[in-house]
Each structure stands twice: as C-alpha cells, then as structure tokens.
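The values are calculated or read from the model by the stated rules, or taken from the named source; none is laboratory data. Fair warning: this is a prediction, and the values are worked out from it, not measured in the lab. Note: ideal-geometry Cβ built from the backbone for every residue, glycine included; neighbour counts use all protein chains shown.
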Amino acid sequence: MTERLTLEIIGELAGVSRATVSRVVNDSPGVRDEVRERVLAVIQETGYQPHSAARSLASNRMDLISLVIPTSTQSLFTDPYFPRLIQGVTQSCNENNITMSLFMLHSEDEEERLYPRVLNRGYVDGVILASFDRADPLVARLEQNKMPFIMIGRPEESSNASYIDVNNEAGAYAAVTHLVRQGKTRIATITGRQDISSGKDRLAGYKRALIERGLSVDENLIVNGRFNELEAYNAMLKLLPHQPDAVFVASDGMAYGVLRALRQANISVPDEIAVVGFDDLPSSATSDPPLTTIRQPIRRMGAMAVDMLLDIINEGIDPPRRVVLPTELIVRQTCGTLNL
C-alpha cells in the first residue's frame, strides 16, 4: 500500500472499528477471538507496524482520559448541550473499556491546581477539552508537554491542535436564509459567547446571509446572550423596542429563554416574531411552540472525540486530526414552512 498505514485503515480492511484494532494491538481484553484473529491477519498481510509513540504509550497506559470543562462555562447542568455531549463521551468510553474523569472548573485557581493532574501521563492517557478558547493557558501547556488531547470546537488561532467541530457558520447561514425566504426583513440575532469559535462563526453566518440576501446588518439587532438562557431572555426584551420580525438564536437553550420572553410579552410566534435556534436538543421538538432549529450531532461529536483521542494516543500526535461535521435545518412551528 502506498499510503501510511494507520489504525483506521487496518480497521477498514478488517471490517472493524479503529478502537477494536487499538485493543488488538495493545493486547487488551474484550475482543472476540474471531475478531482478534481477523485483525492480526490483516496486520500480518500489510506489514503494519504500530507507531513508536503508540508502543511507548501502550506500555504505560492508564486507560483513563479526562474531559475538561473550562472556567467560563458555569451552566454545565442547566445548559442541555453539555449533558448530551457527556453522554456521547461516556458511551464511547464504555465501548472502549476506558474510564473518564470529568473536571468542571470554576476558577483560575482550580485550573492552576488541575495542571499537574492533566499534564502528567502517569495520571491520564489523554484529554478532551470542551468549549475552550485556544488562548487558554491549559491548551498551551498540553501542547508544550506533548500530551495527547483533542478540542471539541475549532481553535481560533492556527495551531497543531486536533479538533472536532460542526460547520457553525454554514448552520447559521442556513437558519437566517430560511428566515429571509419567509419574507422576514428585520432579523435579529442573540449570539453565543464571542470568545470561542462557535459563537463567532454563528454570528459570521448570520451576517453573511443578510448581506448576500441584500439586507443590511443593523447592530441594534445584535445582542450577546453568552449561551445562557437568562441572558437570552433579557436580550430578547432589549430587542423588542427595535421591532424585529424574526430572531436567530445561537443555541436552543437560549431560544427557550427567548420564547419565554415573547410569551410573557404577549407576542405571537411565529406570526409577529419568528424564531430559529441552534442545536436541535430533544426538548426543542416539544417546546411551546416547537422550535425550528439547526441540528448538530452533539452526542456523536462526544463519541467521535473519544475515538479520535484514542487514535492520537496510539498513533502519535502528528498529523493533527480535524473533523468538521455538517448541520441540518429542522423546520418546526416557530418560523413556518420551508419555502424554497
């Protein structure tokens, strides 16, 4: 074969997952004899040799990875996004016989005390960072220590970091384009945090859709909700005097706050103001009214992050792994039918 053999390629040839190949290579339990023999046969036929980093790591494996939530996220158990993400991470950990430790940080002091625990391979094999800013000191320290890690969310600055993300800008663009097709001309947005790529990219998609559809970007119609339901509720109240006829909300959790604010103001949705969210959380199908939203595969991202991290642990940090998943517009009652 002309391309460099990897665990993923061996898995494709053997008809198994990358994680299964990893367990066979590392002589881990939990693999059926028939599957183990098939994988070993492919390894012998191809002449595959595990990466030198994989061999050294395998001899010191703890079978423990860390999921780290940053200091800026204070709503782990109120924002429905994170429980869905954690479900995906734990699902893949269970399938791979890996233990996950969860670190939810509340202060810079806590983050400082965390460094020795996540930077020392004697404690964990690798780290998943959720919703981290690339400028966070922990990211730089992980890179300096060559600790295997993966970011959920594209880092803003150019780096060699591996990450998995969704196409946030394209999703926001699709949401706003749909509102324009519904005849809306004063489309507001309640943005997510502007210190992480998902918040910035969704705002960029909102602006691009307006400009390409011949509508002006009115800064009075842009309010930061920081991915927080209460802040989004207050943001919607600030927007009402500017008479929007639609609002793109950068997360479903925030959209619930928006719907509550509109309901309390006796404003009909979608007749007076249409609403589109971003996430497609399970409760969005049963909100009042059911929420039109952009679907992103949250649980799948969590599971894929584990698989990608295990590949980094076994195959080495280079080259960086980068996956961007597509989004999908889900039309429900908060903004009418799908007009093409």
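General remarks:
- Residue within the range 39-55 that is under 21 Å from Met304 (Cβ atoms), aromatic (Phe, Trp, Tyr) and either in contact with a His (Cβ under 8 Å, 6 or more places away or on another chain) or modelled with pLDDT of 70 or more (or both) present: no
- Residue in the range 304-316 that is under 27 Å from Gly253 (Cα atoms), in the same structural domain as Gly205 (by TED's automatic domain parsing), assigned to a helix (DSSP H, G or I) and of a type in the set (Val, Ile, Thr) present: no
- Scanning the range 254-311 for residues that are surrounded by fewer than 17 Cβ atoms within 10 Å (Cβ to Cβ) and over 20 Å from Gly171 (Cα atoms) turns up Arg263, Gln264, Ala265, Asn266, Ile267, Ser268, Asp271, Glu272, Thr286, Asp288, Pro289.
Listed here are the residues, each with its yes/no results for (1) in a loop (DSSP other than H, G, I, E, B); (2) modelled with pLDDT of 75 or more; (3) under 17 Å from the mean Cα position of the chain (by Cα); (4) on the phi > 0 side of the Ramachandran plot.
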site	(1), (2), (3), (4)
Pro83	no, yes, yes, no
Thr90	no, yes, yes, no
Leu102	no, yes, yes, no
Glu112	no, no, no, no
Tyr123	yes, yes, no, no
Val127	no, yes, yes, no
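- Filter result (hydrophobic (A, V, I, L, M, F, W, C) and over 20 Å from the mean Cα position of the chain (by Cα)) within the range 184-229: Ile187, Ala188, Ala209, Leu210, Ile211, Leu215, Val217, Leu221, Ile222, Val223
- Of the residues screened, Arg202 is not one that is surrounded by fewer than 20 Cβ atoms within 10 Å (Cβ to Cβ) and at pLDDT 95 or above.
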